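The next block holds one structure in the form of C-alpha cells; read it before the comments.
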Amino acid sequence: MNARADHTLEPKTVLSNAHLDALEEEAIFILREVAASFERPTLLFSGGKDSLVLLKCAEKAFVDSARGGHIPYPLLMIDTGHNFHEVTDFRDYRAKQLGANLIVRSVEDSMARGTVRLAHPGESRNVHQSVTLLEAIDEFRFDALIGGARRDEEKARAKERIFSHRDAFGQWQPKAQRPELWTLFNTRIQPGEHFRVFPISNWTELDVWQYIDRENIELPSLYYAHQRQVVERKGLLVPVTELTPLKEGEVAVEKTVRFRTVGDITCTCPVDSPALNAADVVLETLAADVSERGATRMDDKTSDASMEKRKKEGYF
C-alpha cells in the first residue's frame, strides 16, 4: 500500500550515492554553525530514522574515531507517552552508546500540571507536544533546536527556512522569514526568541534511505517488514493496539508491514511491505507515489493546513 518494489532493480548498481556526500557536507556545516552561533542548542532526538540520520551526521561533525570528542549539545525528546516501545528503547540505547546527555520531557507531565488538557481520553497527544516542547525550551533556555524535518515531507515544511526563526511565544511566522542566500544564515535573536534548525531540509525520503544503507545505520525494527494486526480505515492501515482498538463491526487482519515514519501510536500507520533491509526500502521508495506523511499520518488528514497551523503554534 503506497509503497511498491520492483526487485528486478539492483540499487547498488543502478543508483548513485555520490550526491549523498554533498548533502552530508551541508548537514555537517549546519550542525557546526549551530554550535558556533548559539549558547544553548539541543538536538531533537526521537529514535526515528530522520533523527538517527541527523545523529550520524552530528557524530561525523564532532567525534573523531582516533582523537575522540563528543556532540556538544544535549539530545531532547518530547514523549507523548504513546510512543512505540521499540523506538523509545532504541532511543535510550543509542544515546547510551554515544554517551550523550538525553533529556526527556513528557506530555503526561504537562497534563499533570494542567497546561495540557485533552478533549477526551482517546485524543491523540501528538499536537500537544508543542506545549511540552515550549515548556522545555523555557526550562533549559534553549536558543536553538535542531530537528530532522525535511521539505519533501509536507507542504508547510517545504516553506520553511533551514534556520527557522521563532518569536518569544515559540511561534513561526511563514510570511516573515529571513532570506538564506549562499548559505549565509541570519542567527540574530532577541531575548526569549529561538531558532529551529533543520540540517537535512534538502534531503528526500530516498536520500535518507540511501544514506542509511550506505552508512549501515541501525534502526528500530519497526522500519522493516514484520507481522502486525491492522485494520483499514480511510485508506490507511491502522495498527490494532490498546490505544487504537477495533471499532464495532471491524475485523483485524494480519499483514506484513513496515513503518515509513514513526510517532504517536494513535496517529501513525504502517504500509504493506516485504522490505527486510535498507536496500529493499530504497527500491520501494523509488516506486512510492505518496509522501510518507501522506501515506501514514492520520493527523495530517484533517485538513490541507493541519501542519502549518501546528507549526505556527510551536510544533516541530
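The values are calculated or read from the model by the stated rules, or taken from the named source; none is laboratory data. Fair warning: this is a prediction, and the values are worked out from it, not measured in the lab. Here Cβ is always computed from backbone atoms with ideal geometry, including for glycine, and neighbour counts include all displayed protein chains. Side chains included, ligands, DNA and RNA excluded: accessible areas come from the protein's heavy atoms. Shrake-Rupley method; radii C 1.70, N 1.55, O 1.52, S 1.80 Å.
If I ask for residues that are touching a Leu at 6+ places or on another chain (Cβ under 7 Å) and not in a loop (DSSP other than H, G, I, E, B), which ones from segment 163-196 would you list?
Selection gives His194, Arg196.
Contact list please: Cβ distance under 6 Å, first residue in segment 30-59 and closer than 30 Å to Glu86 by Cα and open to solvent by less than 10 Å² (accessible area, probe 1.4 Å), second residue assigned to a helix (DSSP H, G or I) and β-branched (Val, Ile, Thr), pairs at least six apart or on different chains.
Pairs that qualify, where the first residue is closer than 30 Å to Glu86 by Cα and open to solvent by less than 10 Å² (accessible area, probe 1.4 Å) and the partner is assigned to a helix (DSSP H, G or I) and β-branched (Val, Ile, Thr), are Gly47/Val87; Val53/Val208; Cys57/Ile28.
Output the residues belonging to segment 16-35 that are assigned to a helix (DSSP H, G or I) and not charged (D, E, K, R).
Once the filter is applied, which keeps residues that are assigned to a helix (DSSP H, G or I) and not charged (D, E, K, R), segment 16-35 yields Ala18, His19, Leu20, Ala22, Leu23, Ala27, Ile28, Phe29, Ile30, Leu31, Val34, Ala35.
In segment 172-211, what count of residues is obtained for those that are surrounded by 16 or more Cβ atoms within 10 Å (Cβ to Cβ) and either closer than 20 Å to Phe45 by Cβ or among the polar types (S, T, N, Q) (or both)?
Counting residues in segment 172-211 that are surrounded by 16 or more Cβ atoms within 10 Å (Cβ to Cβ) and either closer than 20 Å to Phe45 by Cβ or among the polar types (S, T, N, Q) (or both) gives 17.
How about segment 212-256: which of its residues are open to solvent by 70 Å² or more (accessible area, probe 1.4 Å) and assigned to a strand (DSSP E or B)?
Within segment 212-256, Gln227, Gln229, Glu232, Glu254 meet the criteria.
Okay, residues lined up against (1) in contact with a helix residue (DSSP H, G or I) (Cβ under 7 Å, 6 or more places away or on another chain); (2) modelled with pLDDT of 95 or more:
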{"position": "Thr268", "(1), (2)": "yes, no"}
{"position": "Val282", "(1), (2)": "yes, yes"}
{"position": "Ala287", "(1), (2)": "no, no"}
{"position": "Val290", "(1), (2)": "no, no"}
{"position": "Ala295", "(1), (2)": "no, no"}
{"position": "Ser303", "(1), (2)": "no, no"}
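Among the residues of segment 129-152, which ones are more than 17 Å from Asp167 (Cβ to Cβ), of a type outside the set (A, V, I, L, M, F, W, C) and open to solvent by 10 Å² or more (accessible area, probe 1.4 Å)?
Hits for segment 129-152 are Gln129, Glu139, Gly148, Arg151, Asp152.
If you go through segment 4-11 one residue at a time, do you hit one that is at pLDDT below 95 and assigned to a helix (DSSP H, G or I)? Break it down stepwise before answering.
To start, the set of residues in segment 4-11 that are at pLDDT below 95 comprises 4-11.
Then keep just the ones that are assigned to a helix (DSSP H, G or I); that gives 11.
Yes.
Can you report the number of residues in segment 238-273 which are farther than 22 Å from Asp289 by Cβ and of a type in the set (Lys, Arg)?
The number of residues fulfilling the criteria is 1.
Between residues in segment 175-188 that are over 11 Å from Arg161 (Cα atoms) and residues that are at pLDDT 85 or above and outside any loop (DSSP other than H, G, I, E, B), which pairs lie under 6 Å by C-beta distance while being six or more apart or on different chains?
Cβ pairs passing all conditions: Thr187/Ser37.
Hey, could you check segment 67-95 for residues that are in a strand (DSSP E or B) and touching a helix residue (DSSP H, G or I) at 6+ places or on another chain (Cβ under 9 Å) and say which is nearest to Gly47 (Cα to Cα)?
Filtering segment 67-95 for residues that are in a strand (DSSP E or B) and touching a helix residue (DSSP H, G or I) at 6+ places or on another chain (Cβ under 9 Å), the one nearest to Gly47 (Cα to Cα) comes out as Met77.
Any residue at all in segment 117-133 that is over 21 Å from the mean Cα position of the chain (by Cα) and among the β-branched types (Val, Ile, Thr)?
The answer is no, given that none of the residues of segment 117-133 is over 21 Å from the mean Cα position of the chain (by Cα) and among the β-branched types (Val, Ile, Thr).
What about Asp167, is it more than 18 Å from the chain's Cα centre (by Cα) and either surrounded by 14 or more Cβ atoms within 10 Å (Cβ to Cβ) or closer than 23 Å to Trp203 by Cα (or both)?
The answer is yes for Asp167.
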